[in-house]
1. What does the highest-first list of 154-161, 179-186 look like by mean Cβ count within 10 Å?
2. Using per-residue counts of other Cβ atoms within 10 Å, averaged over each peptide, order 215-226, 125-136 from highest down.
3. Quick check: from the Cα gyration tensor, does the chain come out rounded (a/c under 1.5), prolate or oblate?
4. Among DSSP bridges having both ends in the chain, what percentage is antiparallel? Round to the nearest 5.
5. What ranking do 166-172, 94-100 get when scored by the average of other Cβ atoms within 10 Å per residue, highest first?
6. By the gyration tensor of its Cα atoms, with a ≥ b ≥ c the square roots of the eigenvalues, what is the shape of the range 160-210: rounded for a/c under 1.5, prolate for a/b over b/c, or oblate?
7. To the nearest 0.05, how large is the calculated FRET efficiency for ALA84 and ARG21 if R₀ is 30 Å and r is the Cβ-Cβ distance?
8. Through the Karplus equation 6.51 cos²θ - 1.76 cosθ + 1.60, θ set to phi - 60°, convert the phi angles of the range 257-274 into ³J(HN,Hα) values in whole Hz; use x for Gly and Pro.
Amino acid sequence: MPDTDGPGYRVFALRYGANPRRRRYENVIHLQPGGCHDAAMPMDFFVWAVVGADRVVLVDTGSGPGTMTARGHDHHRAPRAALADVGLDATEVDDVVTTHLHWDHAGTIGDFPRARLHIQRAELAHATGPAMCSPFLRRPYDRPQLTHWLGALHEGRVVFHDGDGEIAPGVTVHRVGGHTPGMQVVRVATARGNVVLASDAVHYYENLTTENPFPVLVSTIDYIEALKIVARLADGPDHIVPGHDPLVLRRFPPAAPGLDGAVALHLSPAPLPEAAVRA
Ligand SMILES: [Zn+2]
């Protein structure tokens with residue numbers, strides 16, 4: 001595993017699934033006339049590991065295979081197996097930050113029995129409140145997963161945040177909203193500066209660089225504001241890590257030589273391809 005040259009956390013993006021069949025119209029709202037709405041625009045599914053000298057923070061816990069395949073995506077491996085690729089055991093995870101409770105981010109919490117679960121108050125309220133009377137609004141949520149969350153809540157494992165919060169020195173959460181009411185992003189101090197794990201505040205680089213939202217959102221105004229907050233929190237454009245973009249695996253170096261589907265975000269990325277910044 002590569003190490004940093006100085007102080008700071010090591011951060012890894014770990015892919016646990018993918019959907020190579022995804023189309024452009026599913027991933028951006030604004031489509032130009034003649035803009036190949038049906039063009040392929042594959043999606044990756046990630047969890048992220050933040051590793052310090054004496055602490056492991058896992059950002060999101062992905063999904064199990066049943067939930068994922070039922071929704072038409074390919075499940076590659078359990079998130080805990082992806083962690084093992086970078087030399088970490090699931091029992092070493094001290095804290096889980098759940099960026100939001102959508103099905104592809106909030107599953108498998110039972111695989112991390114020691115971890116405290118960090119969530120925004122607004123997110124759990126949304127996912128267990130009157131909005132769930134609407135079939136449209138509850139579609140991205142998974143009932144068995146939410147049941148596990150309520151179990152964890154009653155076991156005293158859940159830590160609520162309301163806005164900004166600190167998980168550990170150099171690891172902070174920030175509520176941004178937009179995609180969901182309690183959507184939060186994570187900022188991590190690394191040797192190359194502050195990296196922001198944007199999760200679904202920014203699915204693809206293109207959502208950010210062309211200000212063209214991903215179609216699943218609860219507030220367009222908050223979504224656009226969230227893009228600005230993410231940009232402010234990060235030390236530069238190369239410090240923003242989108243939640244579902246296959247370019248992440250292409251831009252960043254492997255977490256270990258020859259390792260597939262795991263990259264080191266604390267190391268510098270290759271330049272962003274021109275196609276990802278075109279309006
Ligand atoms: Zn989401």
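Where a number appears in this text, it was derived from the coordinates with a stated rule and is not lab data. The model shown is predicted, which means the values in this text are computed figures rather than measured ones. Because the Cβ atoms are built from the backbone with ideal geometry, glycine has one as well, and the counts that use them run over all protein chains shown.
1. Details: 154-161: 14.1, 179-186: 26.8.
Final packing ranking: 179-186, 154-161.
2. On the way: 215-226: 16.4, 125-136: 13.3.
Put in order of decreasing packing, that is 215-226, 125-136.
3. Numbers: a/c = 1.34, a/b = 1.04, b/c = 1.29.
The shape class here is rounded.
4. The antiparallel proportion sits near 70 percent.
5. Working: 166-172: 17.1, 94-100: 25.3.
Highest mean packing first, the order is 94-100, 166-172.
6. It is oblate, given that a/c is not under 1.5 and a/b is not larger than b/c.
7. Taking R0 as 30 Å, the efficiency between ALA84 and ARG21 is 0.60.
8. Along the range 257-274, the couplings run x, x, 6, 9, x, 9, 10, 9, 8, 7, 9, 6, x, 6, x, 6, x, 3 Hz.
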